[in-house]
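Please read the structure below before turning to the comments.
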Protein chains: 2
Amino acid sequence: MNSSQFFTWELKLMKTITCFDISEPVLHISSGKFTAGKHWQHKHMYHNGNFEIIIMIKGTIYLQVDETHYTVHEGEIFALPPYHHLHGYKESPEGTQYFWFHFFSKPNGLKTIELKSPDDRQIESLFRKDQAVLPLQYKLPTLDKVFIVANQILDVAKTHYFTSMAVDYLLTTLLIELSQEYFESISNIPISAEEARIDEIKEWIRANLSEKLKVSEVADAFTLNPHYLVRKFSSRKPAKRLSSTSTN
Amino acid sequence: MNSSQFFTWELKLMKTITCFDISEPVLHISSGKFTAGKHWQHKHMYHNGNFEIIIMIKGTIYLQVDETHYTVHEGEIFALPPYHHLHGYKESPEGTQYFWFHFFSKPNGLKTIELKSPDDRQIESLFRKDQAVLPLQYKLPTLDKVFIVANQILDVAKTHYFTSMAVDYLLTTLLIELSQEYFESISNIPISAEEARIDEIKEWIRANLSEKLKVSEVADAFTLNPHYLVRKFSSRKPAKRLSSTSTN
């Protein structure tokens, strides 16, 4: 194996992952739905500071990013960080169709990392409340929700809203949805019946936030032993509200 | 006219308007779709710091807020600021149905104002890029988009996402959509053909941001006289990018 082969071999094991700060909306630049005619291949582009997401509806595109070739099929997404050269290295079948989205994130809102042969747990740990995560390329398990949001973005982007943030909120929703689909595909931690139960209780507490809650009332509503509930929530660091009224 | 009558008469001319800071997403507390059975009327609630939006799907609800009665019909929204007492003062028809959403905004993110016999221009001036605007009650001109987003919120709220912000982004999208519908209903400034044209050009420039643009190229793309374009954009304070390359 020569050094160039070794380099390629090492690249195959690398995984490019981008983390997006979602504490504020991203900034939509442009978006569209493209359908390829005969003999079409992607023109050369250099993404100067903006991120591109491609969502394949049908067909195949052949993308060269810097020196590497990628084949992107129906139902796949391709999430390309800024500052790369992109072009099609081969013609796509006629009728190839995809959504595309260009956007900026807030300053320092993007972090692209290269992981060497990562395992799913390592990637899973990158997901946070204020951080969405997308790999360079992956296949979406389901398409319906993503297509609905993509169409909403295109619809809102072409309409005159009183605020340009209308499309920014929807585009951030799309990022979260894509990220969630990825999360589900790598996450195999089953949500236990008990966890689901506790989530249900948390939801109920949120819904009744305006009332002064006592643990006994929550326990009643779920036909639980109040001591069980206090123990469960104490070990889980719940919202302060419940614990502060828990022993009345 | 006694003082109490005068007070009521004055109230009728008042318009309660809430301005929402949308520079960051609002915080979803709870939401749902409610269908009334027989002899139902809204239970008493006190909104302790959280905002409620009701979107009527069908039927009628009779709401008393503090001392005032409101009748809310099919296709209307009711946007109730925090710190008010709410209850139904009369039974709703069986099958009355509505979406409801409770949320917090960021600290100081809400501003509710009482306008005395306002005109539409006064209200229009409240709409800003980072500020959505809703009156206490109004009839939505169209329902389709709003219902889609409402259903997305309910769907996402009941699913375990890696981030609770998934639903916050959609709820802020709903606020913007409701606000936009209101904006369209009061705004009668027609967008002139020229304004539409300039918006089209701005859109094109955004889409081509990664290239170094010259005015001559933009003018070519739109078959315009470059001098016209420079004049138009100079008088409109456009993005710096175009003006800095405008005379090359």
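Scanning the range B:82-110 for residues that are surrounded by fewer than 18 Cβ atoms within 10 Å (Cβ to Cβ), away from chain A (no Cβ under 14 Å) and assigned to a loop (DSSP other than H, G, I, E, B) yields a count of 6. The set of residues in the range B:17-31 that are touching a strand residue (DSSP E or B) at 6+ places or on another chain (Cβ under 6 Å) and more than 8 Å from every other protein chain (Cβ to nearest Cβ) comprises B:I17, B:T18, B:C19, B:F20, B:V26, B:L27, B:H28, B:S31. Scanning the range A:58-69 for residues that are under 10 Å from A:L86 (Cβ atoms) and either touching a helix residue (DSSP H, G or I) at 6+ places or on another chain (Cβ under 8 Å) or assigned to a strand (DSSP E or B) (or both) yields A:L63, A:Q64, A:V65. Within the range B:78-111, the set of residues being within 28 Å of B:K38 (Cα to Cα) and among the polar types (S, T, N, Q) comprises B:S92, B:T96, B:Q97. Answer yes if at least one residue in the range A:155-173 is basic (K, R), surrounded by fewer than 19 Cβ atoms within 10 Å (Cβ to Cβ) and more than 9 Å from chain B (Cβ to nearest Cβ), and no otherwise. No: the range A:155-173 contains no residue that is basic (K, R), surrounded by fewer than 19 Cβ atoms within 10 Å (Cβ to Cβ) and more than 9 Å from chain B (Cβ to nearest Cβ). The residue pairs whose first member lies in the range B:84-97 and is on the phi > 0 side of the Ramachandran plot, whose second member is of a type in the set (K, R), and whose beta carbons are closer than 7 Å, counting only pairs six or more residues apart or on different chains, are B:G95/B:K58. Filtering the range A:36-57 to residues that are assigned to a strand (DSSP E or B) and more than 14 Å from chain B (Cβ to nearest Cβ) leaves A:I53, A:I54, A:I55, A:M56, A:I57. Looking at the range B:136-248, the helices (runs of 4 or more DSSP H) lying wholly inside it that each contain 2 or more residues that are closer than 30 Å to A:Q180 by Cβ and modelled with pLDDT of 70 or more sit at B:144-157, B:165-186.
Among the residues of the range A:111-123, which ones are of a type outside the set (A, V, I, L, M), crowded, with 16+ Cβ neighbours inside 10 Å and outside any loop (DSSP other than H, G, I, E, B)? Result: A:T112, single match.
The values are calculated or read from the model by the stated rules, or taken from the named source; none is laboratory data. Everything quoted here is computed from the prediction, not taken from an experiment. As a convention, Cβ positions derive from the backbone with ideal geometry for all residues, glycine included, and neighbour counts pool all protein chains shown.
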